[in-house]
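The values are calculated or read from the model by the stated rules, or taken from the named source; none is laboratory data. In this text the structure is predicted, and so the values were computed from the model without any measurement. Positions of Cβ are generated from backbone atoms using ideal geometry, with glycine treated the same way; all protein chains shown enter the neighbour counts.
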Amino acid sequence: MTIDELLRVMTKQGASDLHLKPTRPPLMRINGRLLPLKTEPLKPEEIEGMLMAILSPQQQEKLIQTMSVDIGYGVHGLARFRGNIYRQRGTLAAAFRLIPYQIKSLEDLELPKVLLEFCDLPMGLVLVTGPTGSGKSTTLASLIKYIATRRPAHVITIEDPMEFLFSDAASTISQREVGTDTLTFSEALRNAMRQDPDVIMVGEMRDPETVSTVITAAETGHLVFSTLHTNSSVQTIDRILDTFPPNQQGQVRAQLSQVLKAVVSMKLVEREDGQGRVAALEILRASPKLVKMIEEGETSDMLDEVETSVSYYRMQSMNQSLMALLVHGTISYEEAMRQSSDPEDLSLKLRKMFPSIETRGGDMAPSTADFSEILELQQFKKLYEEQEEKQKLQLSEKDEHIGHLNNEMARRDGEIGELNSRLGEVGEEMERMNGDYQRLKDEAQGKIDKLMERIKELNQRLMTGGEADKKSGIFR
């Protein structure tokens, strides 16, 4: 059996990780659980043969010198894999992480849209933190892809090993791998400052020199993304400060307060339906109050400020994110309590905001990990109830007005009926008068005609009598 064959089986079964160890069958992590393949246990010489076949001479030399080596390995037409080969009990063992060729969007990953706002920052430091396997690299890749498709910028990534492969779009992307393209993170960062970058992505801040260089890069006008293995935003800030000697921490705290724009702390939790895992995440943003807290070292009060800044800044704590997942029916109550670093606080918040959620199991709406949407739903509900009350009052007033109008229309209809009746009577009277007028007119015309005939007759007589008189006068 070869590594390629095992990696194909791993991908086909939807596993995220493959573990190889002598005297055990290959182990695959599926939906967060480590399960063995139904094959014979691997022998030390089998594992060594499989692993040495995929290592370059330089990687083999590093394995001999440091007893472990990180590699990036791709299977054509399948996917890329991040691997770590190490020694245990004098034999070789290995762990491989699946890195898909296709980079998912934040929507596909079911992450809050507020993370996209970090991509439009002109400068500053954005950290994505969490334990191993919590989705840090996948989230960073999604953000870099979003930048690449929207901003005409030069993006430089420094990784160990190189994981996701980016394609140029609106941005041009230079990917550098430690050990292949550069010696160390800090050396690559110093060189990057002379390569006209707009955005820098550092795979991990591992040592004080890298942390210091990252902060300097953010100070000098670049947008820098990086990761840390911490479990919360407060712990992230404390970890950065603890990297430096006590006499330098005051200066670093002042620098960090100016350049830190956001911290996203992630963990993957199991879905209630058993169909994989979903990210719960704490989001801290550089509000004026939090900037002051970082500068003055008041990190113990930062969590309260995060939880009270949901509506305006769209921040949220890990417990608030777990609440959002729970009330939307994505995860179970038991899983929320198991994943919470402060289950008592989570239970108190649940009883306060959703008194029946603990018994109902959280079946309320579509899936999201964004707690601010829960507050929005409550605000919408309150506005809806207020609007509904206003509408009831308006409808009551309108009903009363409509009743008044109906009465007025009935009265008007009665008056119109009376008018129509009177108009009918007047019409009949006018017809009768027109008939009388016509009759009188005909009678008068008849009398006039008779009178004219009489006048004509008299005229004729007069004319006849005058001629007779004239004759008699002449003869006389």
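Here is how the numbers come out for the structure above:
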quantity	calculated
Test: T299 is in the same structural domain as T138 (by TED's automatic domain parsing), of a type in the set (S, T, Y) and crowded, with 18+ Cβ neighbours inside 10 Å	yes
Unique residue being among the β-branched types (V, I, T), surrounded by fewer than 17 Cβ atoms within 10 Å (Cβ to Cβ), more than 29 Å from D273 (Cα to Cα) and out of contact with any Asp or Glu (no Cβ under 8 Å at 6 or more places or on another chain) when the list is T91, T23	T23
Hits in the stretch 291-326 (condition: acidic (D, E) and part of a loop (DSSP other than H, G, I, E, B))	E298
Any hit, the stretch 77-98, residues being of a type in the set (A, V, I, L, M), in a loop (DSSP other than H, G, I, E, B), over 28 Å from the mean Cα position of the chain (by Cα) and over 23 Å from V264 (Cα atoms)	yes
Pick from the stretch 143-160, criterion surrounded by 21 or more Cβ atoms within 10 Å (Cβ to Cβ) and more than 23 Å from the chain's Cα centre (by Cα), ranking: modelled with the lowest pLDDT	D160
Pair list, Cβ < 7 Å and 6+ apart or interchain, from the stretch 53-66 residues that are part of a helix (DSSP H, G or I) to residues that are surrounded by 12 or more Cβ atoms within 10 Å (Cβ to Cβ)	Q59/V69; Q59/I71; Q60/M52; K62/V69; L63/L55; L63/V69; L63/I85
Those residues of the stretch 55-71 which are under 41 Å from the mean Cα position of the chain (by Cα) and either outside the structural domain of P26 (by TED's automatic domain parsing) or under 15 Å from D4 (Cβ atoms) (or both), in sequence order	I71
Of the criteria (1) farther than 13 Å from L127 by Cβ; (2) buried (at least 20 other Cβ atoms within 10 Å of the Cβ), which one V211 fails	(1)
Test: residue in the stretch 22-44 that is within 24 Å of S137 (Cα to Cα), of a type in the set (S, T, Y), assigned to a loop (DSSP other than H, G, I, E, B) and touching a residue at least 12 places away in the same chain (Cβ under 8 Å)	no
Candidates E187, E163, E110, filtered to the one that is touching a Gly at 6+ places or on another chain (Cβ under 7 Å) and at pLDDT below 95	E163
